[in-house]
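Here's the structure we're looking at; comments come further down.
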Amino acid sequence: MAADRALIRADPQPVVTAPGRDCTIASQQRDFSEWHLGRPHFAVWALALEDPALDVRLRHVRTALDGHLLRGYERQPHITVHVCGFPTTTARRNDDFAVDELKVQIGALVQSDIVAFDVHVGEPFTFTSAACLSVEDAAGSLTRIRSLWERAAPTWDRTHYVPHVTAGLYAGAWPLAEIEARLRSTPCPSPLALRVRSVDWMCYESARIAGPMRTLIRFDLEPRKAHVVDGKRLRRMFGQGIDQLEQACSS
């Protein structure tokens, strides 16, 4: 249970339903100081999704689970690609994330042959921690991106990766059979194709379980080039270490 809650707090990858578990995990609106240890931000690479049809599907899921989801979920639609950690000027813990790792990850994308690709958002399903929409990556581009980063800068995170779009976190321990029955009644049209043209390095406040995510760097897949979106916030996280990164992004 403790491991499950740690993953819920990070919210890059909820836990898949475990054998023998028949209820959802309740999330809480509180400052998880024992997790973040005073580190104010958590970072991931993700696909930021903006599509009216996707918004409609997410609303259908939330309507079907009305009264079961944690209030105040502010995360915009996204697909997490890779968990980074807590940005810091000096990495001391295994889940700290230094600017050198970010440089390596961007460099690996620049040197790759990955171009724009499609993902398909499908039917609703549930983890024990969250209600989601399924994601299919037929071209395997998400796997390729994760693999090249793992070769360039191995991650501390070993959670089984299941791409998805989160609709909301659960507010209580609800029977999974009830949740699944509600989701089966949700309108489910054919899979929604979304064109992926960029990957974003995003952060959120670690003291807010469901607060908004902010894009600090955007990597365009065609051409393969990174752009700093929020230089002030990057500098607060990494200090002078951001200088070379900004130069590389502007070249």
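The sum of -39500 (n - 2.57) across all DSSP H runs of n ≥ 4, divided by the residue count of the chain, sets its helix-only mean residue ellipticity at 222 nm to -9000 deg cm²/dmol.
Rolling a 1.4 Å probe across all protein chains gives GLU34 an accessible area of roughly 100 Å².
When a 1.4 Å probe is rolled over the protein heavy atoms, the share of accessible surface on the chain that falls to carbon and sulfur comes to 51 percent. Each Lys or Arg adds one and each Asp or Glu subtracts one; over the other residues with Cβ under 11 Å from the Cβ of PHE238, this totals 0.
Label-to-label distance, GLN111 versus ASP31, with points set 7 angstrom from Cα along the beta-carbon direction: 4.2 nm. Taking only the C-alpha atoms of segment 129-251, Rg followed by Dmax gives 18.3, 54 Å. Its Cα centre serving as origin, segment 166-251 has a Cβ charge dipole (Lys and Arg +1, Asp and Glu -1) of approximately 160 debye.
Averaging Cα coordinates gives a centre for segment 207-251 and one for segment 73-132; these two points are 13 Å apart. If R0 is 25 Å, the Cβ-Cβ spacing of CYS23 and ASP118 corresponds to a FRET efficiency of close to 0.10.
Look at the Cα gyration tensor of segment 67-185: its axes a ≥ b ≥ c give a/c of at least 1.5 with a/b at or below b/c, and that counts as oblate.
The values are calculated or read from the model by the stated rules, or taken from the named source; none is laboratory data. Since this is a predicted model, take the numbers as computed values, not measurements. Methodologically, a virtual Cβ is constructed for each residue, glycine included, from the backbone with ideal geometry; neighbour enumeration extends over all protein chains shown. Heads up: the accessible areas ignore ligands, DNA and RNA and are worked out on the full protein's heavy atoms, side chains in. Shrake-Rupley method; radii C 1.70, N 1.55, O 1.52, S 1.80 Å.
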